[in-house]
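Have a look at the structure below before the remarks.
Just so it is clear, none of the values below were taken in a lab; they were calculated from the coordinates. Predicted model, so just to flag it, every value in this text is computed and none were measured. Cβ placement follows ideal geometry from the backbone for every residue including glycine, while neighbour counts extend to all protein chains displayed.
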Amino acid sequence: MAFYADIFLQFLRLGAISFGGPPAHLVYFERHFVAEKAWLTKAQYQQLVALCQFLPGPASSQVGIGIGLQRAGYTGALLAFLGFTLPSFALMTLAGLYGLQWLGASAIQGALCALVVIVAHAIFLMSKSLTPDWPRRAFAVLGFAVFLSVQQPALQLGVLLLFALAGAWRLRPTPVAPAAMPTTALPRSTQPGLILLLILLVLLLGLPALAMFYSQAPLLLLFERYFQAGALVFGGGHVVLPLLEQQATGTIGQTEFLAGYATAQLMPGPLFSFAAYLGAAAGNGVTGALVATIAIFLPGALLVAAIWPWWHRLSANRTLLGAVAAVNCAVVGLLAAGWWQFVVPHAVTTSWHWLFIGCGMALVLRGWCTPVLLVPLGSLLFFLGAAL
């Protein structure tokens with residue numbers, strides 16, 4: 001029991017102090033589990049990160065699940081997920097239950113303008129990482145143009161599949177050097193992985209059908225919507241923004257939605273815990289927060305648990321890597337389209353808001369201010385401006 005308790009407590013500690021979003025989380029994980037604990041080698045960690053960038057889902061949480069899986073099998077994976085997610089889940093559930101209106105309209109407006117900068121900076125970083133050459137930049141620009149008009153999740157999935165086919169044909173990224181898998185708690189048979197992939201497929205196909213037959217079951221509809229969003233998020237946590245905006249339409253107001261997303265930037269742990277806020281704020285209470293959180297994390301968790309034991313073999317397939325590279329380029333365009341169509345119109349209501357956004361972007365790009373600090377800074381400045 002002490003062995004399993006240690007895994008949970010290690011991840012609970014990181015879940016309570018890991019501010020700064022997925023890039024910072026990956027640094028925390030490497031420092032703690034590679035350099036200090038030696039639960040896996042640096043080469044193995046790089047392979048795990050490569051896999052989680054390859055798969056849909058929350059990359060940092062998937063890396064944590066992979067570390068737990070390698071340490072103590074499926075029990076370790078579950079404990080790693082619970083520990084890392086619990087602090088942010090609790091905080092975002094409280095925010096959803098009690099609302100953010102106590103901040104005042106001016107403070108919320110400042111947070112929304114800061115969110116414009118945060119998402120724009122995420123797009124900038126993603127484009128540098130995922131579109132390093134002109135063929136991939138062309139894929140991203142094409143994705144932006146397509147997703148400006150394609151906003152239904154089912155159609156977006158079809159577009160991503162088309163990008164995957166084009167990438168498998170045209171792109172040939174250099175494979176990450178494979179790392180030999182050590183003797184660990186990872187499954188040695190392919191059967192558990194195939195079962196997990198089958199569960200994922202059944203849920204992907206079966207949940208929409210169930211939702212049609214049981215359209216008056218609110219928790220089932222909630223689970224189906226957030227499971228679908230979690231299955232479509234390639235490229236990083238911020239990509240969940242346009243997908244969740246579509247799923248939350250009609251359940252909470254758009255200003256409340258964006259204010260909650262801005263608040264999620266201030267929380268430690270995974271950004272996907274924003275789903276807890278949405279589940280609670282939509283009137284479903286703690287149960288809704290729990291259902292939405294499980295649903296949005298489940299696709300990525302099933303995929304990493306199924307594929308991580310065999311990734312050292314799959315990572316050498318350049319056709320497969322080309323397909324994923326094209327999808328990642330497309331999601332840069334998807335996030336840019338969501339930023340332009342949804343975030344900017346609701347955050348920028350007067351021309352002088354662009355002054356704050358421009359100054360904030362300059363501060364972030366020069367490294368004088370982290371994106372997360374812009375949320376309280378913007379709220380404070382707008383509050384003081386309204387008071388004066």
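Remarks
- Result for the chain in a Gaussian network model with C-alpha springs under 10 Å: among Asn317, Asn284, Asn328, the largest mean-square fluctuation is at Asn317.
- Relative exposure of Tyr261, Tyr277, Tyr4, judged by other C-beta atoms within 10 Å (fewest first): Tyr4, Tyr261, Tyr277
- For the chain, the Cβ-based charge dipole about the Cα centre amounts to some 900 debye (Lys, Arg positive; Asp, Glu negative; other atoms uncharged).
- Taking Glu224, Glu36 and counting other C-beta atoms within 10 Å, the order from fewest to most: Glu36, Glu224
- Shown here: Cα extents along the principal axes in Å, derived from the displayed model; of the candidates (i) 66, 58, 42; (ii) 65, 40, 40; (iii) 65, 51, 50, it corresponds to (iii).
- Gaussian network model of the chain, springs between alpha carbon atoms under 10 Å - residue of Gln228, Gln70, Gln254 with greatest fluctuation: Gln254
- Region 41-150 shape via C-alpha gyration tensor axes, a/c threshold 1.5: oblate
- Where a label projected 7 Å from the Cα of Ala43 along Cα→Cβ would reach, residues of region 8-34 with amide N under 17 Å: 34
- Between helix 153-170 and the chain there is an angle of about 50 degrees, using the helix long axis and the longest principal axis of the Cα atoms.
- Charge dipole of the chain about the Cα centre (unit charges at C-beta), most positive-ward option of Phe84, Val27, Gln228: Val27
- For Ala16 and Val286, a Förster radius of 22 Å and the Cβ-Cβ distance give a FRET efficiency of 0.65, rounded to the nearest 0.05.
- Listed from fewest to most Cβ neighbours within 10 Å, the set Trp311, Trp169 follows the order Trp169, Trp311.
- Choice from Leu115, Leu205, Leu303 showing the highest fluctuation, given a GNM over the chain with Cα pairs closer than 10 Å: Leu205
- Summed over qualifying helices (DSSP H, 4 residues or more, each -39500 (n - 2.57)) and divided by its residue number, the chain shows a 222 nm mean residue ellipticity of -23500 deg cm²/dmol.
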